[in-house]
Amino acid sequence: MSRKIVAIVGSYRKGGIIDSAIDEILAGAEASGGRTEKIFLADQQIESCKNCRVCTQEAGVRRGLCVIQDDVDMILNKIESADAIVLGSPMNFSTVTAEMKKFMERLVCYAYWPWGTGAPNLRKHLRTKQAVVVASSAAPEVVARFSSNLVKLLKQAARMLGAKRPRVLYIGLAAMEQKQNIGEHIRKKARRLGVMLARE
């Protein structure tokens, strides 16, 4: 049976660096028999977390239910039914975009945090999914990757969504031109990662 790969794009720009790199990952997966779906967060109705913690009060491995009625529940259902996930965001103000951050804050439903306890505990669901996180920045990779929490945050979100050992595709110097291509080296690496997601 073919593997299902769901990609979550946190970029504001369709056809930009992050979107293009994720397209290449999905193309590699499809060429290896994978079934793919791409979700552009900017196209979805995603409300800000109200920090009410209703979703964190019930124990168990299944995510808690959010009181907000928007598209997040649908997105999480798709991710949970997938075999592999891709999360992508460019660097904005040294972190993920506001679209991705808003989505990530809603992942608190994967934590158990009853009132009276000092900190949340991640629900003990199995981490079986393959994952790739895709990040980009205007600075060179060697500088930007280790001077911000961008990759760390994307990896943390992937793990909360059931991923084991997320792989990283980082694209530096991503703002040299108004309409910049990802380059052949990144394209090939992205395709290889897509193949991995479809086969492992």
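Sort out which residues of the range 19-38 are surrounded by fewer than 19 Cβ atoms within 10 Å (Cβ to Cβ) and either touching a Ser or Thr at 6+ places or on another chain (Cβ under 8 Å) or among the hydrophobic types (A, V, I, L, M, F, W, C) (or both), and write them in order of number.
Ala27, Glu30, Ala31, Gly33, Arg35
Note down all Cβ pairs under 6 Å where the first residue falls in the range 166-195 and is at pLDDT 95 or above and in a loop (DSSP other than H, G, I, E, B), the second is surrounded by 14 or more Cβ atoms within 10 Å (Cβ to Cβ) and of a type outside the set (A, V, I, L, M, F, W, C), and they're at least six residues apart or on different chains.
Pro166/Lys155
Mind checking whether some residue in the range 128-138 is part of a loop (DSSP other than H, G, I, E, B), of a type in the set (Val, Ile, Thr), more than 26 Å from Lys50 (Cα to Cα) and out of contact with any Leu (no Cβ under 7 Å at 6 or more places or on another chain)?
yes
Would you mind telling me which numbered condition in (1) surrounded by fewer than 18 Cβ atoms within 10 Å (Cβ to Cβ); (2) under 14 Å from the mean Cα position of the chain (by Cα); (3) free of Cβ contacts under 8 Å to residues at least 60 places away in the same chain Val54 fails?
(2)
Residues checked against (1) surrounded by 20 or more Cβ atoms within 10 Å (Cβ to Cβ); (2) out of contact with any Gly (no Cβ under 6 Å at 6 or more places or on another chain):
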position	(1), (2)
Asp73	no, yes
Asn77	no, yes
Met100	yes, no
Gly118	no, yes
Arg127	no, no
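Name every residue in the range 113-149 that is under 19 Å from the mean Cα position of the chain (by Cα) and among the polar types (S, T, N, Q), in order of residue number.
Across the range 113-149, the qualifying residues are Thr128, Gln130, Ser136, Ser137, Ser148, Asn149.
Conditions: (1) part of a helix (DSSP H, G or I); (2) without any contact (Cβ under 8 Å) to a residue 24 or more places away in the chain; (3) surrounded by fewer than 18 Cβ atoms within 10 Å (Cβ to Cβ). Phe146 meets all but one. Number of the miss?
Looking at each condition in turn, Phe146 falls short on (1).
Quick check: anything in the range 132-155 among the basic types (Lys, Arg) and in contact with a Lys or Arg (Cβ under 7 Å, 6 or more places away or on another chain)?
no
Which count do you get for residues in the range 108-117 that are in contact with a Leu (Cβ under 7 Å, 6 or more places away or on another chain) and either part of a helix (DSSP H, G or I) or free of Cβ contacts under 8 Å to residues at least 24 places away in the same chain (or both)?
Matching residues across the range 108-117 total 1.
Is it the case that Lys152 is in contact (Cβ under 8 Å) with a residue 40 or more places away in the chain and charged (D, E, K, R)?
Numbers: in contact (Cβ under 8 Å) with a residue 40 or more places away in the chain: no; charged (D, E, K, R): yes.
Answer is no for this residue.
The values are calculated or read from the model by the stated rules, or taken from the named source; none is laboratory data. No experiment lies behind these values; they were computed from the predicted model shown. All Cβ positions, even for glycine, are placed from backbone atoms using ideal geometry, and neighbour counts span all protein chains on display.
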